[in-house]
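Student: The structure under discussion is supplied below as structure tokens; questions concerning it will follow.
The values are calculated or read from the model by the stated rules, or taken from the named source; none is laboratory data. Given the structure is predicted, the values throughout are model-derived calculations rather than measurements. Counting neighbours? That spans all protein chains shown, and the Cβs are built from the backbone with ideal geometry, glycine included.
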Amino acid sequence: MRKGNPVRKQNNGSYKQRKGNRPEIHNYTNTAGSNNDADEIRLNKYIANSGLCSRREADEYIKAGLVSVNGRIITQLGTKIKLNDDVRYNNEKIKAERLVYILLNKPKDYITTLRDPFAKKTVLNIIHNACKERVYPVGRLDRNTTGVLLITNDGDLTKKLTHPSHNKKKIYHVTLDKSLSKTHFHQIVKGITLDDGFISTDNISYIDNTDKTEIGIELHSGRNRIVRRIFNHLGYNIKKLDRVYFAGLTKKGLQRGKWRFLTQQEINMLKMGAYQ
């Protein structure tokens, strides 16, 4: 989970540090190319691996003079450090964590938001024994939606998978309160206009031709509650909504409420974007 932002962004796009004791700015030797590269890591990656932010955001913090290494402010991008160096953000020590990737088949009645202090059942309750690292859900599934949910502490990957410019395919199994008419089926195929604009799907089909309440829908949009809003707009209520595919991941072989770590092959697929 990301920490609250202790800096204030200025009108010119720069960042201002909180008041407090501030290390002096020194030149820090960039060790790139040394014989000890195997024991070193780029500073922005170290910060991102801590779960604080993405690498790009870490670069902004570095340029703003908010990051120190062994008591010295670092402002040079591309700096490499050793894993046992004392790294601080806004004078608070941070520690690089191993990257963890967990696939959960989310059950109903659990929420994905981590900001509700009154929530009794969050997805992190289910995986609380999985790891010591601070992890967080990638994207959102509402309380009543079940299915594929990725949980990680990889800030770069999270930003890649959730940023609007990186919309990836999602497939849902929808159970409606009544049969979907052919007229409304073709409306969804052509696209409909909601309060926040036009939306079209990549594919839609009846899962069972004898039961028109069971629908498969595929789309790339990341807009909030988009599947529910499509059908509500046409006068249908969703009885069940199950995400069966997200960014190349499926819940095959994973029972509801169970989780597993991603394989290295799946991690590589996500990082390379080798999925639809």
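Student: From TYR206, TYR236, TYR172, which residue is closer than 20 Å to PRO107 by Cα and among the hydroxyl-bearing types (Ser, Thr, Tyr)?
Tutor: Exactly one residue qualifies, and that residue is TYR172.
Student: Can you tell me which residue among ASP109, ASP116 is exposed (fewer than 14 other Cβ atoms within 10 Å of the Cβ), on the phi < 0 side of the Ramachandran plot and over 16 Å from the mean Cα position of the chain (by Cα)?
Tutor: That would be ASP116, the only listed residue that is exposed (fewer than 14 other Cβ atoms within 10 Å of the Cβ), on the phi < 0 side of the Ramachandran plot and over 16 Å from the mean Cα position of the chain (by Cα).
Student: Restrict the check to the range 150-164 and report whether at least one residue is of a type outside the set (S, T, N, Q) and more than 16 Å from the chain's Cα centre (by Cα).
Tutor: Going through the range 150-164, the residues of a type outside the set (S, T, N, Q) turn out to be 150-151, 154-157, 159-161, 163-164.
So of that shortlist, the ones also more than 16 Å from the chain's Cα centre (by Cα) come out as none.
For the range 150-164, residues of a type outside the set (S, T, N, Q) and more than 16 Å from the chain's Cα centre (by Cα): absent.
Student: What is the residue count in the range 247-276 for residues that are among the polar types (S, T, N, Q), assigned to a loop (DSSP other than H, G, I, E, B) and at pLDDT 95 or above?
Tutor: Residues flagged as among the polar types (S, T, N, Q), assigned to a loop (DSSP other than H, G, I, E, B) and at pLDDT 95 or above within the range 247-276 amount to 2.
Student: Could I ask something else about it? Give me the residue from the range 148-176 that is in contact with a Lys or Arg (Cβ under 8 Å, 6 or more places away or on another chain) and outside any strand (DSSP E or B) and, out of that set, surrounded by the fewest Cβ atoms within 10 Å (Cβ to Cβ).
Tutor: HIS166
Student: Among the strands (runs of 3 or more DSSP E) lying completely within the range 178-228, list those that include at least 1 residues that are among the aromatic types (Phe, Trp, Tyr), farther than 22 Å from HIS163 by Cβ and touching a strand residue (DSSP E or B) at 6+ places or on another chain (Cβ under 7 Å). Full working, then the answer.
Tutor: Details: elements: 192-194, 197-199, 203-208, 211-219.
In the range 178-228, the matching strands (runs of 3 or more DSSP E) lie at 203-208.
Student: Out of VAL87, VAL123, VAL100, VAL148, which single residue is in contact with a strand residue (DSSP E or B) (Cβ under 9 Å, 6 or more places away or on another chain), farther than 24 Å from LYS251 by Cα and not basic (Lys, Arg)?
Tutor: VAL87
Student: Then there's this: Check the range 194-205 and report whether any residue there is under 23 Å from the mean Cα position of the chain (by Cα) and of a type outside the set (Asp, Glu).
Tutor: yes
Student: Quick one: which helices (runs of 4 or more DSSP H) sit completely within the range 27-145 and have at least 2 residues that are of a type in the set (Val, Ile, Thr) and either modelled with pLDDT of 85 or more or not assigned by TED's automatic domain parsing to the domain that holds GLY253 (or both)?
Tutor: Where helices (runs of 4 or more DSSP H) fall fully within the range 27-145 and carry at least 2 residues being of a type in the set (Val, Ile, Thr) and either modelled with pLDDT of 85 or more or not assigned by TED's automatic domain parsing to the domain that holds GLY253 (or both), they are 123-126.
Student: On to the next question. From ILE73, ILE81, ILE111, grab the single residue that is without any contact (Cβ under 8 Å) to a residue 60 or more places away in the chain, in contact with a Ser or Thr (Cβ under 7 Å, 6 or more places away or on another chain) and aliphatic (A, V, I, L, M).
Tutor: ILE111
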